[in-house]
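To start, the structure under review is shown below, and the notes come after it.
The values are calculated or read from the model by the stated rules, or taken from the named source; none is laboratory data. All values derive from a computational prediction rather than experimental measurement. Here the Cβ positions follow ideal geometry from the backbone for every residue, glycine too, while neighbour counts run over all protein chains shown.
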Amino acid sequence: MNKTIILEMATKAGKIMLENGAETDMVEETIKIIGNNFGFEINSYATLTGIISTIKGEDNNFITNTLRISKRTMDLNKIHEIHKLGKNIKKYNLETIKNKIELIENDKGYGFKTNLFAYAFAAGSFTLLFGGLPKDFLGSSVIGVVIYLYFKSLSSFDINKFFINGLGSSIITFFGLFMYKFSLISSMDTVIIGSMMLLVPGMAITNAVRDIINGDLMAGMARGLEAFFIATSLAVGSGFILTIF
Amino acid sequence: MITQFMYAWLATYCFSIIFNVKGNKLIFSAFGGGIAWIFYYISTSHYSSGISFFIATFVLTIYSEIVSRYLKTVVTSILIPGLIPLVPGSGIYHTMLSIIEKKPMEAFFKGIDTLNIAGAIALGIIVISSTVKIFKDIKKRSN
């Protein structure tokens, strides 16, 4: 068995997991499982921005593969599928595993319409949860649609997260202010905060604290810092609009 | 309270779609979010906010561990969407906004509050997942 191929495949699976929001220990474990399946020992070091994996061959030679993680989103299905692949890996041969990994990587997720409604009603239901009235629900649903279109149009460009979130926050605040001034909504706060839930790094803060308690201080600090800066850019984006108008 | 559950359920369901959760995991994760929110909501009338978030996350993590085994998926598939109604998104935002509006005392208190909530949530997760890990290890050793 060619250990280069195995290493490449295993690290690719790990990369898919990491890019889509998995924890570092799950990534390292999955890479190990894939290696063990073919009789090799692979040890990895995964961080939020890269993976270094080393495979040990029968001849006691080591090969290392280093991958950088440049974009991170949250795709729970991809994590689930890679994990499932790892669990059932004994059933498949090398070609099948490679193809499955390829398929998982190229999965597009839900379609345009589904995502559109999801963004709209996610913003809307949070507005309701925070005490908004039906007209506020409508207001933030509209903002949710705007935000989805905004994200979609920028997704093909490699723009940094802080700018995207900051501008998104400005858009939300602007629309919220606009709707309030024209009496389309009753409570500007609930609409803005409800829509803002689409951007806020609440998940990141919680995961950061979780990582630290788990012992992975690097990941914890990295996530925490990112969450802090995203929150700052959100506040700046929003504060900017509120100050001008 | 039913309406609170419904809103939290819907919010979690929508976020699960945004996170590309597929199949029947969607409905189960949505229920997780609703249940978590209800436990938080009920707890706030008896306990402080920290304890309330802890209880809510504690219940949610137990729910996620059980459901994920039934659905044969990773715990985080159910846990992460379920946390969405609880995570202190508005807290973070308000903290930063207070800083920008030059209200440092307000920012400080909101910030501490936000960290407190994040910590309570993290603790709720850690307690259950550590317990589960211990059980798994015991099971592995006795085999």
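Data table
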| item | result |
| --- | --- |
| Boolean, B:Ser49 is surrounded by fewer than 17 Cβ atoms within 10 Å (Cβ to Cβ), more than 12 Å from chain A (Cβ to nearest Cβ) and under 14 Å from the mean Cα position of the chain (by Cα) | yes |
| Any hit, segment A:66-87, residues being in contact with a strand residue (DSSP E or B) (Cβ under 6 Å, 6 or more places away or on another chain), more than 14 Å from chain B (Cβ to nearest Cβ), touching a residue at least 24 places away in the same chain (Cβ under 8 Å) and of a type in the set (S, T, N, Q) | no |
| Segment A:192-206 residues that are within 7 Å of another protein chain (Cβ to nearest Cβ), paired with ones that are among the β-branched types (Val, Ile, Thr) and outside any helix (DSSP H, G or I) (beta carbon under 8 Å, 6 or more apart) | A:Met197/B:Ile84; A:Val200/B:Val87; A:Gly202/B:Ile84; A:Gly202/B:Val87; A:Met203/B:Ile84; A:Met203/B:Val87; A:Ile205/B:Val87; A:Thr206/B:Val87 |
| Among (1) touching a strand residue (DSSP E or B) at 6+ places or on another chain (Cβ under 7 Å); (2) more than 14 Å from chain B (Cβ to nearest Cβ); (3) of a type outside the set (Gly, Ala, Ser) - the single one A:Val27 does not satisfy | (2) |
| Residue match in segment A:132-152 (condition: at pLDDT below 90 and buried (at least 18 other Cβ atoms within 10 Å of the Cβ)) | yes |
| Residue check, B:Tyr40 outside any helix (DSSP H, G or I) and more than 25 Å from A:Asp25 (Cα to Cα) | no |
| Qualifying residue in segment A:92-101 (condition: within 14 Å of another protein chain (Cβ to nearest Cβ), over 16 Å from the mean Cα position of the chain (by Cα) and under 16 Å from A:Asn36 (Cα atoms)) | no |
| Selection from segment B:27-46 of residues that are within 14 Å of B:Leu79 (Cα to Cα) and crowded, with 16+ Cβ neighbours inside 10 Å | B:Phe28, B:Ser29, B:Ala30, B:Phe31, B:Gly32, B:Gly33, B:Gly34, B:Ile35, B:Ala36, B:Trp37 |
| Tabulated pairs, segment A:19-45, first farther than 24 Å from A:Leu76 by Cβ, second among the acidic types (Asp, Glu) and part of a loop (DSSP other than H, G, I, E, B), C-beta under 9 angstrom, 6+ apart or interchain | A:Gly39/A:Glu58; A:Phe40/A:Glu58 |
